[in-house]
Amino acid sequence: MLSEAIEEIHRGYQMAEDRRQAELRRRAGVRQLDSFLLQVENLIEGRHAAIPESLMDEIMRFVRPVSRKLHRVLSRNVTRDPVRVLDVLFDAQELLRARQPRLAA
């Protein structure tokens, strides 16, 4: 009887941990997007004419699974204009937030 209770407690802890890990994975995309937004905003504030190629590649890899349409917009931005990239990132942010389940009130 005691061993069954202990097993039940362990199962409860494991289920809670599984839910926490799933939530972290679900929010990882939003955190990555926020990081990209901050980097691009800093480039704009610093009056950089273009996004560094390595950052642009990362952003394009991130955006592609979110929206192929937004990925095409980025692909056409051959000058890597930071303002245009920022617009795409804001659009991607809206898409990601729309996909996330709402919390019950």
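Just so it is clear, none of the values below were taken in a lab; they were calculated from the coordinates. These numbers were taken from a predicted model, which means no experiment stands behind them. Counting neighbours? That spans all protein chains shown, and the Cβs are built from the backbone with ideal geometry, glycine included.
Tell me the relative contact order for the stretch 56-105 as a rounded percent, counting alpha carbon contacts under 8 Å between residues six or more apart.
Rounded, it is 33 percent for the stretch 56-105.
For the chain, what log10 I(q)/I(0) values come out of the Debye formula at q = 0.21 1/Å, with one point per alpha carbon and no solvent?
Cα-only, vacuum Debye calculation for the chain: -1.05.
What full-extension length gain, to one decimal in nm, is calculated for residue 4 and residue 42 as 0.36 nm per residue of separation minus the Cα-Cα distance?
Once the chain is fully extended between residue 4 and residue 42, it gains 8.1 nm.
What does the net charge come to around residue 74 if you take all other residues with beta carbon closer than 12 Å to its beta carbon, with K and R at +1 and D and E at -1?
Around residue 74, the charge tally is +3.
How much net charge surrounds residue 15 when only other residues with a Cβ under 15 Å from its Cβ are counted (Lys, Arg +1; Asp, Glu -1)?
For residues surrounding residue 15, the net value is -2.
With label points built 7 Å along Cα→Cβ from the Cα atoms of residue 11 and residue 69, find their separation and express it in nm.
Placing both labels 7 Å beyond Cα along the Cβ direction yields 4.6 nm.
Counting each DSSP H run of 4 or more residues in the chain as -39500 (n - 2.57), what helix-only mean residue ellipticity at 222 nm follows after dividing by all residues, to the nearest 500 deg cm²/dmol?
-28000 deg cm²/dmol
Given the options 46, 12, 29, state which has the largest fluctuation in a GNM of the chain using a 10 Å cut-off (strictly under) for Cα springs.
Result for the chain, Cα springs under 10 Å: 12 fluctuates most.
Distance from the Cα centre of the stretch 49-85 to that of the stretch 6-25, in angstrom?
38 Å
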